[in-house]
Amino acid sequence: MSSSHKIRSLSVGAAVLMALAACQKAPEQKAEAAPAFKLDESALIQPIRFTAADIDATKSACTDLAAYANDKWLAANPIPADQTRWGAFNVLRERSLQVQKQLAEQIAARPEQAGIDKIIADLWATGTDATKRNADGIAPLESRLAEIAALKDGAGIAEYLRKVAARGENPLFGFGSEADFKNSSMKIAYAVQGGTSLPDKTYYFDADKKAIREAFVAHVAKVLELSGVPAADAAMQAKQVMAFETRLAKASKSQEDLSRDVSLYYNPVSVADADKLTPNFSWTAFLESQPVAKPEMFSLSVPSFHQEVSKMLMDVPVAEWQTYLRFRTVDGAAPFLSDALVAEQFNFYSKTLSGQKEMKDLWKRVLAQMEGAAGEALGQAYVQVAFPPESRDRMQKLVDNLREALKGRIETLSWMTPATKTKALEKWGTFTAKIGYPTKWRDWTGLETSRDSYFQNMVKASEFNYRYDLTKVGKPTDKTEWGMTPQTVNAYYNPLLNEIAFPAGILQPPFFDPQADDALNYGAIGVVIGHELTHGYDDQGARFGASGNFEQWWTPEDAKKFEALTGALAKQYDGYTLLGDKVNGKLTLGENIADLGGINIAYDALQRASKDVADPKIDNLTRDQRYFLGFAAVWRDQIRPEALKVQLASDPHSPGRIRANGTPTNVPAYAAAFGCKAGDAMVNPEAKRVVIW
């Protein structure tokens, strides 16, 4: 699930974008030996564990499960000033950051560092040196800004775009490797839309986003002013940037489009044909300028976007291109520079857009940036202290149980014909699971860092990761690679590999708790596992077959039945509102399908695991009640109104409260567990009850 607050089920679109962002991945190398780390447990926030005391007896499980299970805790734990939301995911992420902080400090304090220890130590030391960053000011960008100021025409701009892309700093579009949709065993290059600053194209056009657009223009003006442009000129140029980005947005696809039609990412073309589509931007020249062997074909995703960029190279005045490129350069580098630029970024992107009250401490921001630069390097230390071997063994058993439960549901589906069911089971047979951390670690040889400049360290890391990513183009897909770092509190499904993955970061309470009974664990991590498995059969994952290739394995009859069922689920979620704002059932469809499949599969698995075992009835709660309460605790979540608006406009996940309530309404076992009756809010009428997998 792909937002910063939810489990990430890696939809294909997200998989492509992840690769294009140069995810940290791993050629074979043994972890470097290092002295044992010591954690100060007293300095760590404690993860949430569901207890019977959390239940709000004034609420009814038949009316509002989220309120019944979570409101008492949420009322006692308001959103911290440096957060836009607070709940189970956020608490565990905070703990993960605190662990990483102790690790980074211990590594940086060692008398000598080499290899990945030196990379971590240099990034940490320069990132947390605010005095040096303030003294440097805008100086680290001077050479880049001079390059922009020297541009004279469209051809020069195209050359500039090629040059900065080769450094991993493309301001206009994403470019990188991902598995070929039609031949997932091989990697090809993808070029995807980009170049805009707001969360979704709708922000540039919708009437209710006018105030955000005005605030964005003010932000652009301030960034330009901080970069050295006189205030009056900056105010005028900011309007030009807004017009420039609005034009890009008009030619772009929305987040809803991309989430619900993954084929938009796949448009294989020859280099010669790509050149014809964008006559003012030569893909031949671009590919020759990048650290990649020139391919016979690549995916030019959303070609209308790239065609618009080609037109803009000729009809947008050079001065306006310079203004746009100057803003994107400074705004992109701001997190690594002075406090003034960091504060301006916070004021717009975090405070105005998402309602965050206070900026996160410097160390938290640095760790977040290190995650993108060298996250897997720090992950090697993280797993030494946060993921015991027995956790992997127990998780493997849970995964195996969930897989069998999924198989059982496929075999007994009443709406699917035998022909399609055979194909669905073939896909089930090729699922693989990754648990905790990679079996082989990435080699960081060649990334040279220092104690001189945080900005330069981040620039070097960006180029290093970009070049590493492009070495995969034209080569076999490495199925051992991970799309997340070990310390990530999340999980994902990748349809191109037909794999599910669970980083060590999420395999802790309340998701996975060795101290908890089976009911709570199946309701929490069990549903997470089932969720990721079901992504293989959601409205987009179901477009990929057993080999990971993009193919039609459904009979026309079954495809229509599936579309009707998923349409009913989309309609259900269209009817939900939170804080007065509507949920978009189409945008969130894939995640809602996965939630529904996950809760059913995990429930079946729990019944299999507890067959012939007496119900222990802990804290006067039955096994089934604890299962559903464990599920609800995962979605313990509160969000600031501003952040909610961003989520509803651009995130393929429903808000946590909606997820906790919406899914169980379709599960008869939930109603039975709590004695709910027809007509209760938590019971969908039989005629409207949705069962897909």
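The numbers here are math on the coordinates, done by the rules we state, and not lab data. As the structure is a computational prediction, the values presented were derived from the model and not from experiment. Backbone-built Cβ (ideal geometry, glycine too); neighbour counts: all protein chains shown.
What net charge do the residues around Lys586 carry, taking every other residue with its C-beta under 12 Å from that of Lys586, with Lys and Arg at +1 and Asp and Glu at -1?
Net of charged neighbours comes to -3.
Just how large is the dipole of the range 620-693 about the Cα centre, in debye to the nearest 20, putting +1 at every Lys and Arg Cβ and -1 at every Asp and Glu Cβ?
Using only the charged Cβ atoms, the result is roughly 80 debye.
I'd like to verify something in the chain: which complete DSSP H helices, judged by Cα projection on the helix axis, reach 15 Å or more and average at least 0.5 on the Kyte-Doolittle scale?
Qualifying helices: 115-127, 210-226.
Give me the distance between the Cα centres of the range 634-650 and the range 173-202, rounded to whole Å.
Answer, in whole Å: 26.
At 7 Å along the Cα-to-beta-carbon direction for both Ile45 and Ala669, put a label point, then send me their distance in nm to one decimal.
With each label point 7 Å from Cα toward Cβ, the separation is 3.2 nm.
Please work out whether the range 80-127 counts as rounded, prolate or oblate from its C-alpha gyration tensor, where a ≥ b ≥ c are the square roots of the eigenvalues and a/c under 1.5 means rounded, while otherwise a/b larger than b/c means prolate and anything else oblate?
Since a/c reaches 1.5 and a/b is larger than b/c, the shape of the range 80-127 is classed as prolate.
How far apart, in nanometres, would the label points at Lys475 and Met314 be if each is projected 7 angstrom from Cα along the Cα-to-Cβ direction?
3.9
Order 103-115, 275-287 from most to least packed using the mean count of other Cβ atoms within 10 Å.
Answer by packing, highest mean first, reads 275-287, 103-115.
For Gln552 and Ala243, calculate 0.36 nm times their separation in residues minus their Cα-Cα distance, and state this gained length in nm to one decimal.
Going from the current span to full extension adds 107.1 nm.
Using a cut-off of 21 Å between alpha-carbon atoms, which lysines can reach Lys560, once sequence neighbours fewer than 8 places away in the same chain are excluded?
Straight-distance partners of Lys560: Lys421, Lys423, Lys427, Lys571, Lys586, Lys688.
Taking N as the number of residues in the range 144-336, what is its alpha-carbon radius of gyration divided by 2.2 N^0.38 Å?
Its radius of gyration relative to the 2.2 N^0.38 Å reference: 1.05.
Suppose R0 equals 60 Å. What FRET efficiency, 1/(1 + (r/R0)^6) with r the Cβ-Cβ distance, do Lys397 and Lys152 give to the nearest 0.05?
That pair, Lys397 with Lys152, gives E of 0.40.
With charges only on Cβ, +1 for K and R and -1 for D and E, what is the dipole size of the chain about its Cα centre, in debye, rounded to 20?
That gives the chain a dipole magnitude of about 540 debye.
Computed on alpha carbon atoms, what radius of gyration and Dmax characterise the chain, expressed in Å?
25.1, 79
Any of Lys101/Lys479; Lys59/Lys351; Lys210/Lys250; Lys239/Lys311; Lys397/Lys561 with alpha carbons more than 22 Å apart? Name them for me.
Pairs exceeding the cut-off: Lys101/Lys479; Lys59/Lys351; Lys397/Lys561.
Calculate the spin-label point distance for Glu426 paired with Lys571, positioning each point 7 Å from the Cα along the beta-carbon direction, and give it in nanometres.
3.3
Between Lys611 and Ser143, 0.36 nm times their residue separation minus their Cα-Cα distance comes to what?
Roughly 161.6 nm would be gained on extension.
Taking amide H positions as placed in the peptide plane 1.01 Å from N, state which residues far from Gly176 in sequence (5 or more) or on other chains have amide H under 5 Å from it.
Tyr190
Multiply the residue gap between Gln456 and Lys132 by 0.36 nm, knock off their C-alpha separation, and tell me the result in nm, one decimal place.
Here the segment from Gln456 to Lys132 would lengthen by 115.4 nm.
What does the charge count around Ala649 come to, taking other residues whose C-beta lies under 12 Å from its C-beta (Lys +1, Arg +1, Asp -1, Glu -1)?
With Lys, Arg at +1 and Asp, Glu at -1, the net is -3.
Rounded to the nearest 500 deg cm²/dmol, what is the calculated helix-only ellipticity per residue at 222 nm for the chain, with -39500 (n - 2.57) per DSSP H run of length n ≥ 4?
Mean residue ellipticity at 222 nm (helix-derived): -15500 deg cm²/dmol.
FRET efficiency for Ala36 and Ala564, Cβ-Cβ distance as r, R0 = 56 Å, nearest 0.05?
0.45
If the reach is capped at under 15 angstrom between alpha carbons, list the aspartates and glutamates near Lys72, excluding any in the same chain fewer than eight residues apart.
Result set, ordered by chain and number: Asp54, Asp56, Asp64, Asp637.
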